[in-house]
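The values are calculated or read from the model by the stated rules, or taken from the named source; none is laboratory data. All figures in this text were calculated on a predicted structure; none of them were measured in a lab. Cβ coordinates were reconstructed from backbone atoms using ideal geometry, including for glycine residues, and neighbour counts include every protein chain displayed.
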Amino acid sequence: MDGIGSSLKVVESSRRIRYCDGLLRVLVLTLTLVAAILTGVDKETKIIPITITETLPTLHVPVTAKWHYMSAFVYFLISNAIAFSYAAASLVASMAVRASKEKTGIVLVVLDMTIMGLLLSANGAAIAVGVLSQYGNSHVQWKKVCNMFVGFCHQMTAAIIFSLVGSLIFFWLVALAILNLHKKSR
């Protein structure tokens, strides 16, 4: 009777892990999509007064901040789009693995780790540019821009937060898969 009870516990635990895996994949799919959309539509235009000399009148020049002006933000957007696409494909693949009971789970773990690394590197690049935008760098005479483009900076910050949470969820997916593989090996 102990063999049947332990088998039921393993099956119930396996179902719980599969449910969590599916839920996390849907969540990361949503987070990376939102991060990519927030970045893709991020744009703000301001009229900046520029004084060339005291004798000439002040010029009012429209200046626009767009995500594609900085290569780090382009990398961030593309990385989130790749992570979104992978999350959609891995959701379908993880359901197929459940149905067919094939040993392709390890491939998903490796790909999850790869996407997690991609997102983390893109987040690091976007955060570095964000810090420069927020505080500037007096040593190289880079001025702050977030004091002028507040909306742009807030929207990019929100996108980075969504993407960072997505990276964390990919980490949890890897940890969950390793836990599942460990339980199967016993």
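Miscellaneous remarks
- Checked against (1) closer than 16 Å to residue 23 by Cα; (2) among the hydroxyl-bearing types (Ser, Thr, Tyr); (3) modelled with pLDDT of 95 or more, residue 157 passes all but condition (1).
- Qualifying residue in the range 54-62 (condition: under 20 Å from residue 164 (Cβ atoms), aliphatic (A, V, I, L, M), surrounded by fewer than 17 Cβ atoms within 10 Å (Cβ to Cβ) and without any contact (Cβ under 8 Å) to a residue 24 or more places away in the chain): no
- The set of residues in the range 67-90 that are without any contact (Cβ under 8 Å) to a residue 60 or more places away in the chain, surrounded by 15 or more Cβ atoms within 10 Å (Cβ to Cβ) and within 19 Å of residue 147 (Cβ to Cβ) contains only 70.
- Residue within the range 143-160 that is under 23 Å from residue 78 (Cβ atoms) and among the charged types (D, E, K, R) present: no
- Within the range 20-41, tally of residues that are within 16 Å of the chain's Cα centre (by Cα) and not aliphatic (A, V, I, L, M): 5
- Condition check for residue 95: closer than 19 Å to residue 23 by Cβ and either in contact with a strand residue (DSSP E or B) (Cβ under 7 Å, 6 or more places away or on another chain) or touching a residue at least 24 places away in the same chain (Cβ under 8 Å) (or both): yes
- Residue list for the range 1-31, restricted to those being modelled with pLDDT under 80 and not hydroxyl-bearing (Ser, Thr, Tyr): 1, 2, 3, 4, 5, 8, 9, 10, 11, 12, 15, 17
- Residue 180 being among the polar types (S, T, N, Q), exposed (fewer than 15 other Cβ atoms within 10 Å of the Cβ) and touching a helix residue (DSSP H, G or I) at 6+ places or on another chain (Cβ under 9 Å): no
- Enumeration of residues in the range 126-147 that are surrounded by 15 or more Cβ atoms within 10 Å (Cβ to Cβ) and in contact (Cβ under 8 Å) with a residue 12 or more places away in the chain: 126, 127, 129, 130, 133, 145, 146
A quick yes/no check of all residues on (1) at pLDDT 90 or above; (2) of a type outside the set (A, V, I, L, M):
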| residue | (1), (2) |
| --- | --- |
| 50 | no, no |
| 76 | yes, yes |
| 90 | yes, yes |
| 126 | yes, no |
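- Any hit, the range 141-156, residues being under 16 Å from residue 24 (Cβ atoms) and assigned to a helix (DSSP H, G or I): no
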